[in-house]
Each structure stands twice: as C-alpha cells, then as structure tokens.
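Worksheet: one structure, shown below.
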Amino acid sequence: MKKFNIRKVLDGLTAAAAASASSSSSSSQQPGQRPADSDIVESLCSEHFQLCKTVRHGFPYQPSAMAFDPVQKILAIGTQSGSLRLFGRPGVECYCQHDSFAGVIQLQFLINEGALVSALADDTLHLWNLRQKRPAILHSLKFNKERITFCHLPFQSKWLYVGTERGNVHIVNVESFTLSGYVIMWNKAIELSSKSHPGLIVHISDNPMDEGKLLIGFESGTLVLWDLKSKKGEYRYSYDEAIHSVAWHHEGKQFVCSHSDGSLTVWNVRSPIKPAQIITPHAKQPKDGKKPESCKPILKVEYRTCKSGDPFIIFSGGLSYDTVGRRPCLTVMHGKSTAVLEMDYPIVDFLTLCETPYASDFQDPFAVVVLLEKDLVVVDLGQNGYPIFENPYPLDIHESPVTCCEYFADCPVDLIPALYYVGAKQKRQGYSKKEWPINGGNWGLGTQSYPEIIITGHADGSLKFWDASAITLQVLYKMKTSKVFEKSRNKEEKPFTDIVDEDPYAIQIISWCPESRMLCVAGVSAHVIVYKFSKQEVTTEVIQMLEIRLHYEINDLESPETDQTPTVGISCQGSNSQTANSQSHPSTSSTSSDGLRDNVPCLKIRSTPLKQAAGYQAEVVIQLVWVNGEPPQQITSLAVNSSYGLLVFGNCNGIAMVDYIQKTILLNLGTIELYGSNDPYQRQPKSPRKARQASGGLCDINESSTVLDDHCKSPTSGSASSCNSEDDQKLPNFIEKVKIKSRKLSKIVVSDIAKMSRKLSLPTELKPDLELGVESKNRAQGINHHLEKRQLKNHGWNVKDNSFSRSRSSSVTSIDKESREAITALHFSETYTRKADTCTSPCLWVGTTLGTVLVIVLNLPPGGEQRLTQPVIVSPSGTILRLKGAMLRMAFLDTTGSLIHPAHDPWKEPNIQEEKDEKDKCRKLRPVSVSPSSSQEISETQYAVICSEKQAKVISLPSQNCVYKHNITETSFVLRADIVGLNGSTCLACFCANGHIMTFSLPSLRPLLDVNYLPLTDMRIARTFCFTNNGQALYLVSPTEIQRITYSQGTCENLQEMLGELFTPVETPDAPNRGFFKGLFGGGAQSLDREELFGESVAGKASRSLAQHIPGTGGIEGVKGAASGVAGELARARIALDERGQKLSELEERTAAMLYSADNFSKHAHEMMLKCKDKKWYQF
C-alpha cells in the first residue's frame, strides 16, 4: 500500500488545478484504498466468487450418433467434437465432453443399468456412469492396432462385441473393460466364400432367438452367421452390392439388409444361396422385367413387428437419382402403404421406439426419433399421416443463426407470464396429441427463484424471448422485425438491400427495458425499430418512419504553426423527416448530380396496412440513408429510455437522438461536434471506404479476421448540426450560446434552440445548398480556428499527448487505420453534468473508441400535453472524461454504493384509451425521469463507473475527481464489461480477449476474481458473451448452443441440487412368455452362458498390445454413484435371493408331495401284488 499523497488533499481546493490534480491523484490511488469522501462499506470479497459451467442449451452441434434406453426413457446424442448430450423429460438435460475431442461414432446404452458406452473416432471406448448428476467416465479402452467401426451390446449382457476395420470381432467385458481372448478373425469367418478381403465390419447382432448365433456384416456385401460355441461360420450370405445396415425379424428366421444401390434384400436364415426377396422401394419398375435402376444408398433400415397388424420397415435414403433438389426423406413401409416423410436437413441417424426392450418379442413401434444435422424430430407412428411430436426441448435456438444475445436476471415477476401469454397464441397446430415419449429422469430442486430472460437476435431479423429461470430454457415468445419492410418477390430481385449481400434484416444490437417493456433493435442495414408491448392486436395503417442523413468528412490537414492545434475542417450534412408527416416511403431523390445514390434508405418500408398481433408492435422505424454514393454505416451502439421517451444510437459516422413520442430527430452530430472546440485529438485525412460492406461475420461459423474487424467495431457517429441563425456567427462558442438560450422560457426561443440542437426537420431536397454546404463548413472551421487553442488550455488537455491512443493489439475494435472516432457506449441517467451542479438532471453519457466520455444535457418538457407538443432540448455540457482504450460500459452508484438504475416508466397497455389517459395523468403528476431507486434529492454525491477495454475508473460527481482507477489489462483488451448486482452489492465483471474473466469491487475496483477461462477463438463468443445479475453469464459456444456459466460461489455450491437426475430406479419388464408348446418342443429364445465362453478360464487372455485399459476419473461423485450402484446391486441380489428361496421352498413342498404320492402308489402296488399273488391266470 503506497503512502498517502498530499496532492490528493489539494485536489479540489483550487478550481484552476482541478483537472490536473485529479489526474495525478488517480494515478496514485491504489485499488482498495478508500478516499476521504467515501463511506461505502463493500460487502463483496473474493470468497463470494467462483467460476464454473452450469448448463448448456440448444441443439448438439454437428451430431454424429444417437442411442436410446427404452426402459429409462433417456436419449443420448454424440457429436463430431466428442461431446455428449443426454435428454430425459423436459427440463432434464446433461452435457458431457470427452477429453480427446474425437468424434463419437457410436453409442450403446447398458439398458436400465445407468451406464453408457461411447466409441470414438480415435479408436477408444469409454464407459460413462449415468447414476450421478454429472456423468463421469469409469473406464476407457484404447485400441492400438485396429480401428473401431461397429459395436453391439446385447440386452442384459456384459459382453460388448467390437468390429474393426480389418474385419475382426473383439469382445470386451464392460464391467472390467478388458478384452476377452475370444476373437473372431475375418479369414475364419468367411473361409473360402470370398477370394478377397470382405472389408470393414458394418454390422454385428445376435439372433433374437439364439444368443449363440452372431450375424456379422462386412462392407463388401458378405454376411456370416457365426456359431459362438463351435467357433465356426454356420451360414454365409453374399450379395453384389455393399451393405450399410441389417435388421432382424423378431422370430430370428429372417433378416433384411440395406444396400448402396437403394435396394433391400430379405434373407431366410437357412437359405444362404440367394435372397428370399429383393425390393427397390423408390426405383421405377421396368415393364420388361429387367433389374430396376439404381437409387441412392439406403443408409439404415429397421424391421419392427406388431402383434396385431403388418410389420414396419423404416429406412433412410434410397431415393431415385433423378429427384434433384428433393429434401432428405425417411420412408415408412407398413403393409401395402408407403409414406415418404421429407425432412428439413440431412438425416444423421434414426431409432424406432418400441414397447419392449426384448428383441425376441413383438416390438409394436409407436414412434421414430430422427436425428437431423440441425434438428431432432420425433414421428408418431400410431396416428394417421404420421404427425410429429411438439419438441419441448430448446433445440431451435439456431433456427436462424444467432447474431446477438442479451441476458437479464432478476426481472419483474409479471414479465414472464406476460410474454408467455402472447407467445401461447403463436403455437403451431397439427402436432401429435400424445405426450412426449422421452420422459426419463427427475427434475432437480431449484433454489433460484428469481426470473431470468434471454433474448436472442437472429440473422433473419427475428427475436426470441426465452425463460431461463432455474437453469432451464423454454421459449416464451417469437417476433419478426422484417414484417415492417417490403420483401423482394423473387430471390434475384435485391433493390432495397444494398449494404449486405444476404440477411439484410439481421439483428446487431438489442436494447430492452424490462420494467417498461420498451424494446429497441438495430439491424445490419443501418435501421432501428422501436417497439411497444401490448396484449391487444392492432392494425397499423401507415408505419411511421424517420430518415437520418448521418455523414461527415474530414478535410486534409494543413501544416500547423508551432504550438498551434491543427485546423480541422468539418463538412456536416443532415436531414430529418417531418415531425408530423412521418414517411412511409424512401425520399424521392435517389441519385445525386453525379449519378451516385443519395438520400435513399437501404430497406423499403411496407406500404400496405400491417396487422400486428399481441406482443411487441412497431412504433417507429429509423433508417440511415445513402450519402453521395456511400452506404450508411452499421449501427454499433444503442440505448432507449422509456421515462424520457428518447432513443439514441451511434455508428462510425455520428450520433443521432430521436424523440419516439413526438417522432422527431433531436440530435444528428458527428463525434467532433460533440467536442465542440475542445477536440484534443489530431485527426487524419479521411480514408477511402468501400461502397459495400461484407455481410459475413454475423452468422458465419468460421469468421475471417477482416469480417471480424467490420462487425465488432465500436460505433462512431458524426455529423455536425447545421446552424441557421445570425447569432451563431456573433457568439464564438456554440456551447455557451446553448447554455444561455436554454434558460429563456419563450416559446420562440425554445423553438429556435431546438432547431440549433438538432437537424432541421425538413427533407434534404428542401434545404438550401448554401446552408448544407459551404456556409456550415466555413462556420465550423471559423469556430474551431478561433477557440480550439483557448479551450484546450482551459481544460488542461495536451494535444501532443497520445498516451491514450488505443493499442494495436485490439484487433476487434481497432480503428488505428481510420480517422473516424466511433461511439461505443451510450447511457441515459439522472446525474450531475457539470462540476458546479448542485442537483441532478437528465443527461446522456457518450463513450467513444478513443476512450473519451462526453456528457449531453437533456432539457425535458413537463409531462402530459406539453410533452407531446414542446420539444426536448439537447445540448452538450462541455464535460469530457478520458480513459485508455475504447469505452465499453458506464453506470452510476449512489452514496451507499447501490446501482442507480436509469429512469423508466411502468408498463401500461398502450392500445386501451383509459390506460392512455391514466398514463398521461401519471406523467403530469410525477416529475419526468425520477428513478425509484435513485434518491437524487437526498444524496449529495454520486459515483460514475466507466470502463474501457483497457482500464476502469470511478469518478466522484459532481467534482469529477477520479477516486479510483484500475488498469484491467496491458497485453489484451476487454471484450465485454457489465456492472452487475450480486449478494446485495455491486461489482464490475469483465471478459477479456485472452480468456480471463475478472470481477472488481465497486467503488474501490479491488480485484475479486481472475480466472483464465476461455480464450477468444471465435468472433461468435465476443459477439454474444454477456454478464447479468446474481453471478450469471452466457455465450454462444457453438452456432447452435448456449453455454451458461456462473461466477457466484453460492450458485456453484447449490448447482448439484439444481441439476436433474438422469437415472431413476425402474423395474426391468418381464421377458416374453415362451408359451406351452414352445417350452415343450424347445422353441423360444435360446440363452448362452457368455461368461463360460468368453471368460479368461476358457478363452484365455487377449494380447496386451492390442488395447490399453485406462482407468476413469469419476471423482468423489463417481464413487458416490458407484456406491449407490453397489447398494442397488445388493438390493437386487437380496430380492433375487428371496425369490430363489421362495422358489426353493415351493420346490421342496412339491418334492414332498411327490414323495408322499410315490409312497401311496408303492403301497397300493404292494397290496395289489399280494392280492393277485396266488391266483391263476384264468381266475383274473
């Protein structure tokens, strides 16, 4: 801890040295020291923080395998990246990851045993224990000499058959995960039936009626029925086409094979010479009896029988080659009917769900689970038309690629029911009426009671609201922002989407006020839409639209004289729509005098009436227009405030503010104009920009670095206000002029100031050329030249000091090669705007890429009718703060350290007249912009927390002294920063590009947590990472999945209870009854003592070099799970012993009865013998 600096005491004693003193004192202030004017007791400490993953939502990215436990009713999906997702009943999900990240090629459940075997592409087998809430690997087996191609685990068996690329079959004991010495070699299996190698093994299964007969399918088209006891091939079947899959009839007398030519062959077990039947379901049958034409391969087939009715033959693929452009299909053949079910994506795998787990019984299939590349579909086989089940899992996050997301914890309690109410009306019809068939597991005990909402923005312009409470995820409401625009009638026509090549409606930024339910979104085509929430359906005749001409140029610099600042020339242009007559069509002047596109928006507003359903309804649309052949730059910062009725946004050309109540544009300025004459930076000449921008980066999976630069840059807004009164030339300082005139109450003066503070409310073509061009340009040059040096001196800025220039390592938001200063952060608040202020007032804080914070004062008219008629006065305050690196986040604390939330209005139904009148009355009664939590009247001091991508500062207001400063990172840069609440206190949470997640106490900026969690490997993470209250955070871990994490110690401790249980004790169904005659004549399923056959005593030991056993890392919970598993086994063994004892006692009674009857019979026989002993033959 450094010694107390006397300069800090002097800070504030002299007004002249205030700026320099604050700079020196802040540099010496260490995190954790408390300044003299701070009495805030910080309750957060490092023990309150711990980082861990909680749950993963969404569809498994790049799925590759699937398995189902028919007794536990659990579904498992493996992916190409080695992850596992397990699904039970809705709300019961689990995510696991193999350490090797090798792709999963096959999954096999140990049915009703709480275990799963996974086979990976790196030739490793893993045994997962599912009897614990977080499954863990118990055993692994790595094959060294052969590659695994297929696995089969018979029901209620502990011996796993493993087929390899060489054509051999190995047998693994799943209890010890060791190899048996019993091996089926490919040459012994085929013997002389083939002269060449039969290829890799594509199928292994045992005969449903005889466990001692193993059917082995080779890729070349050869099948062998192997007798396990005699160790030789009993039958061999051969076909010309390659085999893809095999399925048995439950009686074990027939099986069906699918082939690469789109054919199905049905074989009788005892007739290996030729197939009993050959079917090519989708081929055109020739009339002359020739062989049908070849079709696409049938990749998988299943043969399921029914007790009453015809069997089902279900397969994927097999379509004719001439069906170009046809979607992937699943074919269901039932009796004489054939149904072709088209899918939206390619089929990865499918499984039939049956009533029994026994292969030797009638299966009676009732559903088909179809795993697609980007979806999971369950088809109901029991209803006509085969409808699909409504999927209760949140697997449609990626329905359109996610471009941005926001996370809100501790929302108002009435918000989720309201969103569910409007979302319930959107539900599709035509689903199966049956319950979802995958319903295993049990829910966890949710200890988190606060509402959580996630909003995802998508590439097609849609938004989805999700209920994320208690680590679950359920969609509440969907909306499409593209409805307000005209759509092209055909794909080739693209007259209104010139900025991007595709996805012109993609959402980039979401600004949402949960309390007032106001929603504002910014899209990739430089458009902003304001939405209000209503439970009533309305029809909007004309969609209100505002067009903004946001553009500025910087002329070439002249060589400045010694000790002089360079003269900067600014060309400022702007156009506003009329306040009352809001436009519904683009401006008529579409080209400038030199033939370039000019004053035309990128999207055309819908011209016909729009029917808006209950939910979010468009209030006003704002679009930036083309300027002299240059497209509008994408919007990069956005904020909305329901209490003020204001919306503000910025891009790399400027900043604009809109009054969405009056539908007027209040502010349209370049960043340089926000400085006035206080610009401390040397501007470079404008660099040429391309007329088109890349459209990628928002939804591409592998974004390039060039796309990365364009789409994650901070916004810069710039375009100077055109001044039209003679007083502007008389007054040297525009800021001072606005200060003086804002105090006058005359309506004429108010109107005049409104004109000066915002762009004229006239279309561009009606403005005089002189005003838009030369006059405003010369005026701006004159003002800057006259005052720039004096203002810089007064404010203590050193123009030569470039210490705050951004690091070139910041590739995400770098603007080193450009002269434009971007707007990166916007925050409405009621705070002190100047040092001399004695009370708070509504204002807007603006942050830029150069680390500058500027304050804009908002002069709001009274509520009621005056709010609808009188203009809002917007004026720069002159307050400038600076940090190192681009600005990211701003917030305000009161004297107790509590977060001051921006002012907001409570939500009222906007489409009922009584509600409107009551809302207006409410506006009249209460002062505008009073936040219930701010308590500005009592507090004399506030703290502004400002965070850039390099450092954070806490500024005391109104003195504007830096009381705390902390350099977050030197070698990297912060991607996301949020001021969040945790355990009743407030902290700053940051995510850096080097993967570190850090938290800092407020206001002292004491480091509380620093974990190297996730390096930035994809722009998707930077675009979607966000923190929220109560220690929650999330990011898009893949194009289809959301990963939620927590940095709260309390949540980490309670996570185990909150997670659901996958395994629940369930009785295994009874085996099928063989019947009297089958039992009498030896029919029915034949059992096999595999232990005797494959055990070490008979088969011997396998070669050690063939495979290596690797013990699992189940952890303490694995031990607990294993212990519970042992307890369960002991209980089952006890029950089995009781049953055995009962049966033995019954047998003993029967034996005693038989002995008694035998004695009686013997006695009667002896009596008969004595009676007949002396009689002659003729006496009988």
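Bear in mind these aren't lab numbers, they're just calculated from the coordinates by the rules spelled out. This structure is a prediction, so every number in the text was calculated from the model and none was measured. Note that each Cβ is placed from the backbone with ideal geometry, even for glycine, and that neighbours are counted across all protein chains shown.
Brief remarks on what is shown
- Cα pair count fraction exceeding 16 Å, expressed as % - the stretch 297-424: 71
- C-alpha center-to-center spacing [the stretch 838-913, the stretch 111-146] in angstrom: 57
- Amide proton proximity set for Leu319, modelled H, under 5 Å, gap of 5+: Lys296
- Inter-probe distance in nm under a simple model that places probes 7 Å from Cα toward Cβ, at Gln285 and Ser271: 1.9
- Compared with the alpha-carbon gap, the fully stretched path from Lys253 to Glu1148 is longer by 318.3 nm at 0.36 nm per residue.
- Shown in residue order for the stretch 104-113 are the 3J(HN,Hα) couplings computed by the Karplus curve 6.51 cos²θ - 1.76 cosθ + 1.60 at θ = phi - 60°: 7, 9, 7, 10, 9, 7, 7, 4, 6, 10 Hz (x for Gly and Pro).
- Radius of gyration and Dmax over the Cα atoms of the stretch 142-300, both given in Å: 16.2, 59
- His197-Thr1064 FRET efficiency (beta carbon distance; Förster radius 56 Å; 0.05 resolution): 0.75
- Taken along the Cα-to-beta-carbon direction at a fixed 7 Å, the label points for Ala424 and Glu390 span 1.1 nm.
- Sequence-distant contacts, meaning Cα pairs under 8 Å at least 6 residues apart, place the relative contact order of the stretch 387-487 at 34 percent.
- Links that overshoot a 30 Å alpha carbon limit, given the list Lys433/Lys464; Lys374/Lys604; Lys53/Lys478; Lys374/Lys483: Lys374/Lys604
- Peptide packing: for 40-46, 349-355, 403-409, 428-434, the average count of neighbouring Cβ atoms within 10 Å per residue gives the ranking 403-409, 349-355, 40-46, 428-434, highest mean first.
- Solvent-free Debye calculation, one equal scatterer per alpha-carbon of the stretch 591-665: log10 I(q)/I(0) at 0.15 Å⁻¹ equals -0.69.
- Rounded to whole Å, sorted largest first: equivalent-ellipsoid semi-axes of the stretch 76-150, Cα gyration tensor: 21, 13, 11
- As a calculated quantity, the FRET efficiency between Ser959 and Val1011 at R0 = 35 Å, using C-beta atoms, amounts to about 0.50.
- Values of log10 I(q)/I(0) for the stretch 95-190 across q = 0.13, 0.18, 0.21, 0.25 Å⁻¹ run -0.43, -0.80, -1.08, -1.46, by the Debye formula with one identical scatterer at each alpha carbon and no solvent.
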